[in-house]
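Asker: I'd like to ask some things about the structure below.
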Amino acid sequence: MKITIIGAAGFIGTNLTKALLKNPENSLRVVDNNIKYFTNLTDSELSRCEVLASTFDVNTDFDTLVRDQDIVYHLVSTTVPSTSNQHIPQELVANVVATSKLLEACVSEKVRRIVFMSSGGTVYGKDEQSPIIEESVTTPISSYGLQKITIEKLMYLYNYMYGLDYRVIRLANPYGPYQRPNGVLGAVTTFTYKALYDEPITVYGDGSVIRDFIFIDDAIAAIIKIAESDCDERVFNVGSGSGTSIAQLLDAISVSLHKILNVNYQASRPVDVPINFLNVNRFQHLFGPIVHVSLTEGIKKTALFLTENVK
């Protein structure tokens, strides 16, 4: 299968690339802003990919990127939830308008299917009862979530007008190897890293915020099953199916690593939804269990990776 991954050098893209390369029948074209970003792929892995450097914006030559491809994975976002409300017009152009250009290219180049990495944590907003099903009302309270749901609707439109097949992955909060422990995204990875090196951990609010954490290997396995399936469903929640409070997460890290944590509590942020975890029955009905790595086991795996690879 011929597959293009746009945003392939990031956390999800790196793990997805490595997983797809395990199938010798796959031919991968991996795309990111700079070829130098692909430092997490081995020489052997890189030799089996077509590696391209490209921006993701309204001027990108998307036709070249997706030409002669069966599946295109769209993993790019130029923003993160915590800061997306600061530059709403610019972010809409950078993500929504640019994606419409990508969809135009997929149609003109006859791509079989596009897979979009949406957000189970932000598209639903704060009013839905957890666990949240895919049919729930989408009322995001961040520009990040608004961009994601708008792109989802664009994909529906291009399917309606041109027959472009698509899959939407509403992903919860993945964590694990190759995620940067910089505190911008990824509470599990960031907190684990700071715990390992006895650094202060910043928590916004009192620790009662509830999130849905899934180990990256489980997330990637689910994403590939969805992307390659010819089922009738197009939108899928991908998460653990259960909620964990930040306080519970901190306790799990402390117990797993045998560490006393130095936690610094700060005022809560308006973009943080109080409770969010996903109902994953749609996935499990079609494909079976989604979680194979528990949170405790995942923390230990993440800690081992960080100890061996990140200083």
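The values are calculated or read from the model by the stated rules, or taken from the named source; none is laboratory data. This is a predicted model, so every value here is computed, not measured. No Cβ is skipped: glycine too gets one built from the backbone with ideal geometry, and neighbour counts run over all protein chains shown.
Asker: I'm checking my understanding of the structure. Among residues of region 55-72 that are among the hydrophobic types (A, V, I, L, M, F, W, C) and out of contact with any strand residue (DSSP E or B) (no Cβ under 8 Å at 6 or more places or on another chain), which one is nearest to residue 2 (Cα to Cα)? Break it down into steps so the answer makes sense when it comes.
Answerer: Let us first name the residues in region 55-72 that are among the hydrophobic types (A, V, I, L, M, F, W, C), namely 56, 58, 62, 65-66, 71-72.
Subset that is out of contact with any strand residue (DSSP E or B) (no Cβ under 8 Å at 6 or more places or on another chain): 58, 62.
Numbers: 58: 24, 62: 16 Å.
Among them, the one singled out is 62.
Asker: For the structure I just gave you, tell me whether residue 237 is under 16 Å from residue 116 (Cβ atoms), surrounded by 17 or more Cβ atoms within 10 Å (Cβ to Cβ), among the polar types (S, T, N, Q) and touching a residue at least 60 places away in the same chain (Cβ under 8 Å). Talk me through it step by step, then tell me what you get.
Answerer: Details: under 16 Å from residue 116 (Cβ atoms): yes; surrounded by 17 or more Cβ atoms within 10 Å (Cβ to Cβ): yes; among the polar types (S, T, N, Q): yes; touching a residue at least 60 places away in the same chain (Cβ under 8 Å): yes.
Considered against the rule, which asks whether it is under 16 Å from residue 116 (Cβ atoms), surrounded by 17 or more Cβ atoms within 10 Å (Cβ to Cβ), among the polar types (S, T, N, Q) and touching a residue at least 60 places away in the same chain (Cβ under 8 Å), residue 237 comes out as yes.
Asker: Looking at this structure, is residue 99 buried (at least 20 other Cβ atoms within 10 Å of the Cβ), in contact (Cβ under 8 Å) with a residue 60 or more places away in the chain, β-branched (Val, Ile, Thr) and in contact with a helix residue (DSSP H, G or I) (Cβ under 7 Å, 6 or more places away or on another chain)? Lay out the reasoning, then the answer.
Answerer: Values: buried (at least 20 other Cβ atoms within 10 Å of the Cβ): yes; in contact (Cβ under 8 Å) with a residue 60 or more places away in the chain: no; β-branched (Val, Ile, Thr): yes; in contact with a helix residue (DSSP H, G or I) (Cβ under 7 Å, 6 or more places away or on another chain): yes.
Against the criterion (buried (at least 20 other Cβ atoms within 10 Å of the Cβ), in contact (Cβ under 8 Å) with a residue 60 or more places away in the chain, β-branched (Val, Ile, Thr) and in contact with a helix residue (DSSP H, G or I) (Cβ under 7 Å, 6 or more places away or on another chain)), residue 99 does not qualify.
Asker: I want to confirm something. Restricting to region 120-141 and keeping residues that are acidic (Asp, Glu) and surrounded by fewer than 19 Cβ atoms within 10 Å (Cβ to Cβ), which single residue is nearest to residue 280 (Cα to Cα)?
Answerer: First, pick out the residues of region 120-141 that are acidic (Asp, Glu): 127-128, 134-135.
After this cut, where a residue has to be surrounded by fewer than 19 Cβ atoms within 10 Å (Cβ to Cβ) as well, the list is 127-128, 135.
Numbers: 127: 19, 128: 15, 135: 12 Å.
Among residues in region 120-141 that are acidic (Asp, Glu) and surrounded by fewer than 19 Cβ atoms within 10 Å (Cβ to Cβ), the one nearest to residue 280 (Cα to Cα) is 135.
For every residue, the table says whether it meets (1) over 19 Å from the mean Cα position of the chain (by Cα); (2) of a type in the set (Asp, Glu); (3) not in a helix (DSSP H, G or I).
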site: 9; (1), (2), (3): no, no, yes
site: 18; (1), (2), (3): no, no, no
site: 22; (1), (2), (3): yes, no, yes
site: 51; (1), (2), (3): yes, no, yes
site: 64; (1), (2), (3): yes, no, no
site: 77; (1), (2), (3): no, no, yes
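Asker: Looking for something among the small types (Gly, Ala, Ser) and crowded, with 17+ Cβ neighbours inside 10 Å - is there at least one such residue anywhere in region 184-192? Let's see the steps before the verdict.
Answerer: Looking only at region 184-192, we keep the residues that are among the small types (Gly, Ala, Ser), and these are 186-187.
Among the residues that remain, those that are also crowded, with 17+ Cβ neighbours inside 10 Å are: 186-187.
Yes, the conditions are met somewhere in region 184-192.
Asker: Where in region 167-253 are there strands (runs of 3 or more DSSP E), lying fully within it, with 1 or more residues that are touching a Gly at 6+ places or on another chain (Cβ under 6 Å) and farther than 16 Å from residue 279 by Cα?
Answerer: Numbers: elements: 173-175, 201-204, 213-215, 235-238.
Where strands (runs of 3 or more DSSP E) fall fully within region 167-253 and carry at least 1 residues being touching a Gly at 6+ places or on another chain (Cβ under 6 Å) and farther than 16 Å from residue 279 by Cα, they are 173-175, 213-215.
Asker: In addition: For a quick check of your reading of the model, give me the residue pairs whose first member lies in region 292-311 and is within 12 Å of residue 256 (Cα to Cα) and modelled with pLDDT of 95 or more, whose second is of a type in the set (D, E, K, R) and surrounded by 15 or more Cβ atoms within 10 Å (Cβ to Cβ), with beta-carbon atoms closer than 8 Å and at least 6 apart or on different chains.
Answerer: none
Asker: Can you tell me which residues in region 133-147 are touching a residue at least 40 places away in the same chain (Cβ under 8 Å) and either among the acidic types (Asp, Glu) or touching a Lys or Arg at 6+ places or on another chain (Cβ under 9 Å) (or both)?
Answerer: Matches in region 133-147: 133, 134, 141.
Asker: Just give me the residues in region 68-97 being more than 15 Å from residue 185 (Cα to Cα) and polar (S, T, N, Q), in sequence order.
Answerer: 69, 85, 86, 90, 95
Asker: Being touching a residue at least 24 places away in the same chain (Cβ under 8 Å), closer than 30 Å to residue 106 by Cα and aromatic (Phe, Trp, Tyr): is that true of residue 158 here?
Answerer: Working: touching a residue at least 24 places away in the same chain (Cβ under 8 Å): yes; closer than 30 Å to residue 106 by Cα: yes; aromatic (Phe, Trp, Tyr): yes.
Judged against the criteria, residue 158 is a match.
Asker: Inspect all residues belonging to region 143-153 and state whether any of them is in a loop (DSSP other than H, G, I, E, B), out of contact with any strand residue (DSSP E or B) (no Cβ under 7 Å at 6 or more places or on another chain) and surrounded by 15 or more Cβ atoms within 10 Å (Cβ to Cβ). Write out each step before concluding.
Answerer: Restricting attention to region 143-153, the residues satisfying the condition of being in a loop (DSSP other than H, G, I, E, B) are none.
No: region 143-153 contains no residue that is in a loop (DSSP other than H, G, I, E, B), out of contact with any strand residue (DSSP E or B) (no Cβ under 7 Å at 6 or more places or on another chain) and surrounded by 15 or more Cβ atoms within 10 Å (Cβ to Cβ).
Asker: Let me ask something additional. Which residue pairs have Cβ atoms closer than 8 Å, lie 6 or more positions apart in sequence or on different chains, and pair a first residue in region 36-52 that is outside the structural domain of residue 178 (by TED's automatic domain parsing) and closer than 14 Å to residue 19 by Cα with a second residue that is in a helix (DSSP H, G or I) and among the hydroxyl-bearing types (Ser, Thr, Tyr)?
Answerer: Close Cβ pairs satisfying both conditions: 40/14; 41/14; 41/17; 45/17; 49/17.
Asker: Here's a follow-up. Can you spot a residue in region 189-197 that is more than 20 Å from residue 260 (Cβ to Cβ) and at pLDDT 95 or above? Step through it out loud before you land on a result.
Answerer: If we filter region 189-197 for residues that are more than 20 Å from residue 260 (Cβ to Cβ), which is where we start, we get none.
No - not one qualifying residue is present in region 189-197.
Asker: Restricted to region 256-311, and to residues that are within 21 Å of the chain's Cα centre (by Cα) and of a type in the set (Phe, Trp, Tyr), which residue is nearest to residue 140 (Cα to Cα)?
Answerer: Only one residue fits best here, namely 277.
Asker: Residue 256 is checked against (1) surrounded by fewer than 20 Cβ atoms within 10 Å (Cβ to Cβ); (2) in contact with a strand residue (DSSP E or B) (Cβ under 7 Å, 6 or more places away or on another chain); (3) not assigned by TED's automatic domain parsing to the domain that holds residue 71 and fails just one. What number does that condition carry?
Answerer: (2)
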